[in-house]
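As C-alpha cells, the structure follows; a few thoughts come after it.
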Amino acid sequence: MTTTLAASSILTLAETPIPPTALDFRNTVTGDPLDFSNAQPEGRDTPGVKQFFQTGVDPYIDDKSCLKKGEVIFLTACSGCHGLIGEGKIGPGLNDDYWTYPKNTEDKGLFETIFEGATAQMGPHYDLTLDEILQVMAWVRHLYKDDVKNAFWLNEAQKKNYTPYKLGEKFADDAPGMCADKK
C-alpha cells in the first residue's frame, strides 16, 4: 500500500502541468521556443508562477518572503559565477545598468535566460523550479544599485518606493507574502 501511495504521488508530481500562457517564451541565444517539459514538476502551479505565465511580470519583486528565499537560492546556485551581490565574477554582473542580453531588462527575458541558459558558462537551470527562478529573479532585481529610472522591471509605484540594496540587509524569517511558509 505504501509503495502504491508513493508511486501515485510521484506520478501526480510528474503530471503537474505547466500553467497556460499566451506569452511566447524563447531561448536567449537561438530564439527557439522554450521546452518547459524540462521544468521540475514541483513549483509549476504556484500562484506566482501562474501569475507570471499570464503577465510576464515577476510578482515577487518586492515581496520580502520571496526575497529571503531568492537570496538563499542565489547564494547557492548563482553567486559562484555572478558574485555574492551580483557584482560579477566569471559571469557578468547582475546588479547594474549593463545587461549582456538587453532582453533581461524585462522579467520575461531574464526568466528565459535563467531557465534555458545563454552562452559561455551559463547553462540551463533545470535544477531550479519555475517558482525558484522567480524568487532568484526577485533577489537579482533587489541587488540593483544604479539609477532607478533604468530599472525597467519596476512599475512607477515600485520606482517611487525603491531603496538600493544595503550589504547585510536581512528579512524576517516569518515575513508575510506569497512565498511565506504555510503553517
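The values are calculated or read from the model by the stated rules, or taken from the named source; none is laboratory data. None of these values were measured; they are calculated from a predicted model. Cβ atoms come from the backbone with ideal geometry, glycine included; neighbour counts cover every protein chain shown.
Being of a type outside the set (A, V, I, L, M, F, W, C), over 30 Å from Asp174 (Cα atoms), assigned to a helix (DSSP H, G or I) and at pLDDT below 95 is a property that does not hold for Ser9. Determine whether Phe171 is surrounded by fewer than 21 Cβ atoms within 10 Å (Cβ to Cβ) and under 20 Å from Val72 (Cβ atoms). It is true that Phe171 is surrounded by fewer than 21 Cβ atoms within 10 Å (Cβ to Cβ) and under 20 Å from Val72 (Cβ atoms).
Screening Asp58, Asp97 for residues that are surrounded by fewer than 19 Cβ atoms within 10 Å (Cβ to Cβ), in contact (Cβ under 8 Å) with a residue 24 or more places away in the chain and outside any helix (DSSP H, G or I) leaves exactly one candidate, Asp97. For Ile114, the stated conditions hold: it is in a helix (DSSP H, G or I), within 11 Å of the chain's Cα centre (by Cα) and in contact (Cβ under 8 Å) with a residue 12 or more places away in the chain. Thr100 falls short on exactly one of the conditions (1) closer than 25 Å to Leu154 by Cβ; (2) among the β-branched types (Val, Ile, Thr); (3) at pLDDT 95 or above, and that condition is (3). Inspect the stretch 147-162 for any residue being under 12 Å from the mean Cα position of the chain (by Cα) and of a type in the set (S, T, N, Q) and give the result as yes or no. No: the stretch 147-162 contains no residue that is under 12 Å from the mean Cα position of the chain (by Cα) and of a type in the set (S, T, N, Q).
Residue count for the stretch 30-44, restricted to those that are surrounded by fewer than 16 Cβ atoms within 10 Å (Cβ to Cβ), out of contact with any helix residue (DSSP H, G or I) (no Cβ under 7 Å at 6 or more places or on another chain) and not polar (S, T, N, Q): 4. Determine whether the stretch 122-143 contains at least one residue that is farther than 17 Å from Phe25 by Cα and among the hydroxyl-bearing types (Ser, Thr, Tyr). No, because not a single residue in the stretch 122-143 is farther than 17 Å from Phe25 by Cα and among the hydroxyl-bearing types (Ser, Thr, Tyr).
Of the residues that sit in the stretch 79-94 and are assigned to a helix (DSSP H, G or I) and small (Gly, Ala, Ser), which one is surrounded by the most Cβ atoms within 10 Å (Cβ to Cβ)? Per the stated criteria, the residue is Ser79.
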